[in-house]
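Here's the structure, in structure tokens; my notes come after.
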């Protein structure tokens, strides 16, 4: 951040990204961005959870073997856990409302969102593996899980890390 901006905004954030905003303004913006991401994540998780819960009431559910039932229950727990983790920042925000703790809420929200993404990643791979196991075979389930897990890692981890490194190395980065 330039000295001019820092002088005009003594509480300006130390992160120099070219925005003329105070720490509180940055926290408000970041909180809104986290909420948008949580909405997207929560919608997908709710759809998966509904799908999983409906399975138990299907006539073919009784045909599952003990391992498939256990796998199903693990997926149900992952679905519930992902919803709980994704809603945790909202609960914290309510608990700390009007306590001037927005930056702490944003930091917590970021950590919870990353954790929820990891949980949802496991849930997505697990649901696909479960369906392949029931419909095709355990070997097909393993193949589907490995392929989907690989695609997920590339799109959610590798590409963002590559772009982050490139951005840091680019001339004028940080402006």
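All of the numbers you see were taken from the coordinates with simple rules; none came from a lab. Bear in mind that the values here come from a model prediction, so they are computed numbers and not experimental data. Note: ideal-geometry Cβ built from the backbone for every residue, glycine included; neighbour counts use all protein chains shown.
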- prompt: By how many degrees, 0 to 90 and rounded to 10, does the Cα axis of helix 138-153 deviate from the longest principal axis of the chain?
  reply: 10
query: Among 88-100, 72-84, how do they line up from the highest to the lowest mean number of other beta-carbon atoms within 10 Å?
result: 72-84, 88-100
message: Once the cut-off is 24 Å, how many percent of the Cα-Cα pairs in the chain end up in the long-distance tail?
response: 54
query: If you take the square roots of the eigenvalues of the alpha-carbon gyration tensor of segment 97-175 and sort them as a ≥ b ≥ c, do you get rounded (a/c under 1.5), prolate (a/b over b/c) or oblate?
result: oblate
message: Between 0 and 90 degrees, rounded to the nearest ten: what's the tilt of helix 159-169 against the longest Cα principal axis of the chain?
response: 20
statement: Relative contact order of the chain (C-alpha contacts under 8 Å, at least 6 apart) in percent is 23
message: Run the numbers for residue 137 and residue 163: contour at 0.36 nm per residue of separation, minus the present Cα-Cα distance, in nm.
response: 5.6 nm
task: Give me the distance in nm between label points sitting 7 Å out from Cα along the Cα-to-Cβ direction at residue 103 and residue 147, one decimal.
output: 4.8
query: So what is the 222 nm mean residue ellipticity for the chain from helices alone, if each DSSP H run of at least 4 adds -39500 (n - 2.57) and you divide by all residues, rounding to the nearest 500 deg cm²/dmol?
result: -26000 deg cm²/dmol
